[in-house]
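Read the figures in this text as sums done on the coordinates, not as results from a lab. What you see is a predicted model, and the numbers here were worked out from it, not measured in a lab. All Cβ positions, glycine included, derive from the backbone under ideal geometry; neighbour counts span all protein chains shown.
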Protein chains: 4
Amino acid sequence: MQYGWSWHLEWQYPCEFHGHLIDRVIEDIKTSYQRIMVAELTRFGKTLIIDGKIQSSVFDEFIYHETLVHPLLLSIKNPKNVLILGGGEGATLREVLRHKLVTESVMVDIDQSVIDFAKKYLQEWHKGSFDDPRSKIIISDAYNFFDNNNDNYDAIILDLTDPILGNTSYKLYTKEFYEKLKKHINVGGGMVTQATSPSFNTDTFTTIYNTLKHIFQYVVTSIVYVPAFDGLWGFVYASDYINPIDLSKEDIDKKIKERINGELRFYDGETHHTIFSIPKYIRQEMIKQNKISTESNPTYIPA
Amino acid sequence: MQYGWSWHLEWQYPCEFHGHLIDRVIEDIKTSYQRIMVAELTRFGKTLIIDGKIQSSVFDEFIYHETLVHPLLLSIKNPKNVLILGGGEGATLREVLRHKLVTESVMVDIDQSVIDFAKKYLQEWHKGSFDDPRSKIIISDAYNFFDNNNDNYDAIILDLTDPILGNTSYKLYTKEFYEKLKKHINVGGGMVTQATSPSFNTDTFTTIYNTLKHIFQYVVTSIVYVPAFDGLWGFVYASDYINPIDLSKEDIDKKIKERINGELRFYDGETHHTIFSIPKYIRQEMIKQNKISTESNPTYIPA
Amino acid sequence: MQYGWSWHLEWQYPCEFHGHLIDRVIEDIKTSYQRIMVAELTRFGKTLIIDGKIQSSVFDEFIYHETLVHPLLLSIKNPKNVLILGGGEGATLREVLRHKLVTESVMVDIDQSVIDFAKKYLQEWHKGSFDDPRSKIIISDAYNFFDNNNDNYDAIILDLTDPILGNTSYKLYTKEFYEKLKKHINVGGGMVTQATSPSFNTDTFTTIYNTLKHIFQYVVTSIVYVPAFDGLWGFVYASDYINPIDLSKEDIDKKIKERINGELRFYDGETHHTIFSIPKYIRQEMIKQNKISTESNPTYIPA
Amino acid sequence: MQYGWSWHLEWQYPCEFHGHLIDRVIEDIKTSYQRIMVAELTRFGKTLIIDGKIQSSVFDEFIYHETLVHPLLLSIKNPKNVLILGGGEGATLREVLRHKLVTESVMVDIDQSVIDFAKKYLQEWHKGSFDDPRSKIIISDAYNFFDNNNDNYDAIILDLTDPILGNTSYKLYTKEFYEKLKKHINVGGGMVTQATSPSFNTDTFTTIYNTLKHIFQYVVTSIVYVPAFDGLWGFVYASDYINPIDLSKEDIDKKIKERINGELRFYDGETHHTIFSIPKYIRQEMIKQNKISTESNPTYIPA
């Protein structure tokens, strides 16, 4: 066959989709929550697709996961205790554990079967992190997690699915949730959340930023281009104490060397400039929008 | 997700393809010969796809398999011994075994792993036929099968993959092979072959017909519409003794009742008229073409 | 470019679509009723597409138009006056005018701009028929046409757009409309309507058949495979006086010779058998369904 | 119709394509060189597509054209004479003419019919620039342009089609051509070229950079994300006198204010940081590659 026949079509809108050729479907199952596929894409290699959305690929997952984890942890003086909400693949956990200063990393995911699935199929992502002695895996709804928990953390990392209309994850992007969460951040610490795509969902991206700005003193966004996401992806970092953009190019390169095991593939001092400067047309879109996400008026992406 | 995201795109030409939504990929493996996928298609249910071509679906495989088997067997006075070349799914075998007169059905397939695969995943096709006491499964290259075999058969059924450029199955559609095969047909018997699509490959369809006409006295074609094949599909029946079109509507309905176990879903006296009358524009295309397929100048379909 | 880039995707269902490569878009306009595109498709040549549905292509429009017109007109002893409702391309008119016995052909279409469009872009379809002295073009809503009209016709041909949810054309497929229409058929005459696809819309196809059976004495269906429609297409013929299936193969070939100018490409005695015999599985679907289409409970196809 | 049916599929590789819904095809013609389509895309509005590749859309052409023109012109002390090779749409010319210091802008395009086409259909791009008294349009092959020309320029802007296998534009990306071109740059001046996609064609992007580095003293790259190009796009700036990255954020904002008419939408001091810092993984790819493009061993993209 000259023409590819097994395809993942990812729809950004009803008027836009991207076609990725599939070399082989490794697993394709339906859990009570979602349809989970692991497939070999011709371009991106092994890729995790949940309900039709590429979650990450071995080809470029490092862009997302390094940007999520390292600017925050390097900004914090001594990040010992880290909490991850979501992050089922185990790659966020993997990046956190590369930090020599980290002594405990707690990961909270709603579904044991996702962890089991990751252990079985996503070795390239977690690289054994679930079995690291510093790791602690808790099966719980992230939304209720803080209700019965008095622990505080130096860094809290929100590696959640998008707030999609009809799902419940939208609650984890609201003012109410961030207020609850903030009480569990140690002095000197901070948080970060993935913040959807500034290309496809400028409104939601901006609303997440606005909502955090309402609650924290220092709030900044980074934007990266992720090939497998077919566009730009955004993150928001928030803290009352530290700000990633205060770090100079030289600071970052020095701290990476001192604090992180192994070599990073995406993030360094030079990259830092790229991701923390926002192109003018996105800045101007963001200025127009001043919505805040609340439980009664949440932000979300069309299903 | 409102829009489907997991698709099988089947290309008829570089300028034409059909998209089928996949609910779930059940299995997707590469053997040394081919890529085999079993998937649940939204429209057609469980479907076998080999190297990007739909082989058959539970929704409409009966159209293909009944047309391949019954017109030939009902034309033969007493079809006791039947030989099937190919037919890995086991559905042709299933239809043959419904004939009460059949005492032995030999099936020759090149690859044991295809039979094993069918046993594991394609129960709806074979319905246990492989274990019928009248069945005999032989793993062999169909092309060499007659070299060491002195058996004769009342009916020989060629349920082969298409003659595709680059494959070796094209040899099973040549004058040389048909001549070899003919010597193994009992007096009173006949043969049938699937003959590709008269819609998409009129030339190949016609060449198969011409080639058989060169060798046998009575040669006729039938054409059926198979939804999962996205167009018309052709068959050629050949014999020196019998001709399916000599049977009247009443003959067919009577013989079906007498000879076949269970109820047919596609073929009966009325359907007979539909499939053995060829529309004028296809007849006129066929008249223009007088090529014969030989080993040195075979017919095949572009890969 | 090795891969085609300009495509018409025709959706049969949300889970099924066919892609046709476009060599050139000749015209693409929006009228107050619809979006009309004329494009050169690589496979089918010049093609008329309205609101995303292929109406007909130069490659195979003869299959549809010959099947619509000739079985009815050849069954009628002396078809002099013919009424066409719809048929904007002018190809139905063209086929009617090939009948030497026809002295007047009235065509009723709702939209002058469609006629003008056809005159400008669809010469291959109408071939000048609009200017034939026997033609009479009336711009009117077909639904109201009979209210102010006392003329009767030997044959009435309904070449209408599908009854689609949200459109008003569904009224032209109801018991009420057929009853009105019947009063305008001369003794010895009959009618025919296109009846959607028995592959994709078995229910609607059957309902149209049932509805006409309720009103006329002789009602039969024909089914043809139209490549550009990507499946089977159905027609229903109805009359109190004549029945197309009463004609033998020889009758048809003789009448074609006597009555029709030029050579037909699809329809002849042999083809007749193909199209008036319905495959068993469609017959069995039709038996299950006994709905009749009325204005208060009409049949239609999802938009 | 709920699902879109008229699509532009843009192939990045045989295993990757992006589908853009078309609301209306405005014009679709074949010249002796290429197929040119102007269409309204649902997401990007009016878009120019040549031989299946989106050239630019009204939605985001400003990203490409501002990045091509302004970093170079703002780096040059007094850019009076500007030469544009290619740039048929007229948008590069438009951006050049916004510079108050520019007194003459010469545009060289191979095909008068492209200019005529742009004048007729692409008003949103050129905004009348072709008629500006400072514009001079020359129809000539860019490759031969310098042979009979003794003029020098403060800035030379290469707004060319990609070097595609089989085309001749690859000559405009070689050492030989750049050497010829360099002789026509005034003291204090520089050049810029579009440099294909660092996402999809890292090799070609890097080779263009390497080739220019071989010839000029200061050579830098910028990378921008262009939604309609479905990925990153690269540019290379080269000069013996000036270097865009020497300008500080404040310099840029000040010079934009002083020198450019109207407001820019993409480029400013902040954006400058984003586009001139290259992500680590692209830098590391670039280091691996040291090919130089020459006429006998040119770089190009697969057709």
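Distant-in-sequence amide contacts of residue C:26, defined by a placed amide H-H separation under 5 Å and a gap of 5 or more residues or a different chain, comprise C:38, C:39, C:40.
Applying the Karplus relation 6.51 cos²θ - 1.76 cosθ + 1.60 with θ = phi - 60° to the stretch B:210-227 yields 3J(HN,Hα) values of 4, 5, 5, 4, 5, 10, 10, 7, 10, 9, 9, 10, 10, 9, 10, 9, 10, x Hz, where x marks Gly and Pro.
Determine, for each peptide in C:291-300, A:53-62, the mean count of other beta carbons within 10 angstrom over its residues, then list the peptides with the highest first.
On the way: C:291-300: 16.4, A:53-62: 21.3.
Averaged packing, sorted descending, gives the order A:53-62, C:291-300.
Peptide C:56-64 has a mean of 1 when you count, residue by residue, the C-beta atoms of other protein chains within 10 Å of its C-beta. Pairs of C-alpha atoms in the stretch D:247-291 farther apart than 14 Å represent 59 percent of all such pairs.
Taking a cut-off of 37 Å, what percent of all Cα-Cα pairs in chain B are separated by more than that? Of all Cα-Cα pairs in chain B, 10 percent lie more than 37 Å apart. For residue D:149, no residue whose modelled amide H falls within less than 5 Å of its own remains once neighbours fewer than 5 places apart on the same chain are excluded.
Would you tell me the mean number of C-beta atoms belonging to other protein chains that fall within 10 Å of each C-beta in A:165-176, as a whole number? Walk me through the numbers before you get to the answer.
Working: counts 0, 0, 0, 0, 0, 0, 0, 0, 0, 0, 0, 0.
Counting other chains' Cβ atoms within 10 Å and averaging over A:165-176 gives 0.
Phi-derived couplings, Karplus 6.51 cos²θ - 1.76 cosθ + 1.60 at θ = phi - 60°, listed residue by residue for the stretch D:124-137: 5, 8, 7, 6, x, 4, 4, 9, 5, x, 7, 8, 9, 9 Hz, with x used for Gly and Pro.
One quarter of the surface of the convex hull around the alpha-carbon atoms of the stretch D:203-282 equals 6.4 nm², the direction-averaged projected area. What you get for the stretch A:7-57, charging only the Cβ of Lys and Arg (+1) and of Asp and Glu (-1), is a dipole of about 80 debye around the Cα centre.
Comment: the Cα-to-Cβ extended label point of residue A:112, at 7 Å, lies 4.1, 7.6, 7.9 nm from its counterparts in the other copies, nearest first. The antiparallel fraction among DSSP beta bridges confined to the protein assembly as shown stands at about 65%. Once backbone amide H atoms are built at 1.01 Å from N, residue C:135 has C:105 as its partners under 5 Å, excluding neighbours fewer than 5 places away on the same chain. Placing a label point 7 Å from the Cα of residue D:50 along the Cα-to-Cβ direction, the distances to the matching points in the other copies come to 3.8, 4.4, 4.7 nm, shortest first.
Kindly put B:101, A:72 in sequence by how many other C-beta atoms sit within 10 Å of each C-beta, fewest to most. Kindly include the intermediate steps, with their values, before the conclusion.
Details: B:101 15, A:72 26.
Ranking B:101, A:72 by Cβ neighbours within 10 Å, fewest first, gives B:101, A:72.
Taken about its Cα centre, the stretch A:61-288 carries a charge dipole of about 460 debye when Lys and Arg each add +1 at the Cβ and Asp and Glu each add -1 at the Cβ.
Determine the percent antiparallel among the DSSP beta bridges restricted to chain B, to the nearest 5. Let's see the in-between values first.
Working: 37 of 58 bridges.
Here the share of antiparallel DSSP bridges comes out near 65 percent.
Highest mean packing comes first when the peptides C:229-242, D:127-140 are listed by Cβ atoms within 10 Å, giving C:229-242, D:127-140.
A Cα-only calculation for the stretch C:1-87 places Rg and Dmax at 16.6, 56 Å.
In order along the stretch D:243-254, phi translates into HN-Hα couplings of 9, x, 6, 6, 7, 7, 3, 5, 3, 5, 4, 5 Hz, rounded to whole numbers, per the Karplus curve 6.51 cos²θ - 1.76 cosθ + 1.60 with θ = phi - 60° and x for Gly and Pro. Taking only the Cα atoms of the stretch D:142-293, the ratio Rg/Rh comes out at 0.96, with Rh defined as the Kirkwood radius. Round to a whole angstrom and tell me the spacing of the C-alpha centers of the stretch D:1-53 and the stretch C:32-103. Between the Cα centres of the stretch D:1-53 and the stretch C:32-103 lies a distance of 30 Å. A cut-off under 11 angstrom between Cβ atoms defines the neighbours of residue B:303, and their net charge, with Lys, Arg +1 and Asp, Glu -1, is -1.
The separation of the stretch C:107-136 from the stretch D:235-282, counted between C-alpha centres, amounts to 60 Å.
Note down the relative contact order for the stretch D:7-57 as a percent, whole number, built from C-alpha pairs under 8 angstrom at least six residues apart. Relative CO of the stretch D:7-57 lands at 26 percent. Each 5 Å bin from 0 upward holds the following percent of the Cα-Cα pairs of the stretch A:7-57: 5, 21, 31, 24, 14, 5, 0.
The rotation axis bringing chain C onto chain A passes closest to the chain C residue reported with its distance as C:3, 4, by C-beta distance in whole Å.
Could you tell me how many cubic angstrom of Cα convex hull volume the protein assembly as shown has per residue? Numbers along the way, then the final one.
Values: hull volume 247.2 nm³, N = 1212.
Roughly 204 Å³ of hull volume per residue.
Comment: the Cα-to-Cβ extended label point of residue D:30, at 7 Å, lies 3.0, 3.8, 4.7 nm from its counterparts in the other copies, nearest first.
What number, rounded to the nearest 500 deg cm²/dmol, is the helix-based mean residue ellipticity at 222 nm of chain B, given -39500 (n - 2.57) per DSSP H run of at least four residues and division by all its residues? Numbers along the way, then the final one.
Details: 10 runs with 88 residues, N = 303.
Taken over chain B, the calculation gives -8000 deg cm²/dmol.
What is the ratio of the Cα radius of gyration of the stretch A:160-237 to 2.2 N^0.38 Å, where N is its residue count, to two decimals?
Values: Rg = 12.7 Å, N = 78, 2.2 N^0.38 = 11.5 Å.
Rg over 2.2 N^0.38 Å, computed on Cα atoms: 1.10.
Shape descriptor for the stretch D:23-182: Rg over Rh equals 0.95 (Cα atoms; Rh from the Kirkwood inverse mean 1/r).
Each of D:110, D:144, D:87 was scored by the projection of its Cα onto the charge dipole of the stretch D:77-148, and the greatest displacement toward the positive side belongs to D:87; charges sit on the C-beta of Lys, Arg, Asp and Glu.
Among B:206, B:31, B:47, the largest mean-square fluctuation in a Gaussian network model of chain B, built with springs joining Cα atoms closer than 10 Å, belongs to B:31.
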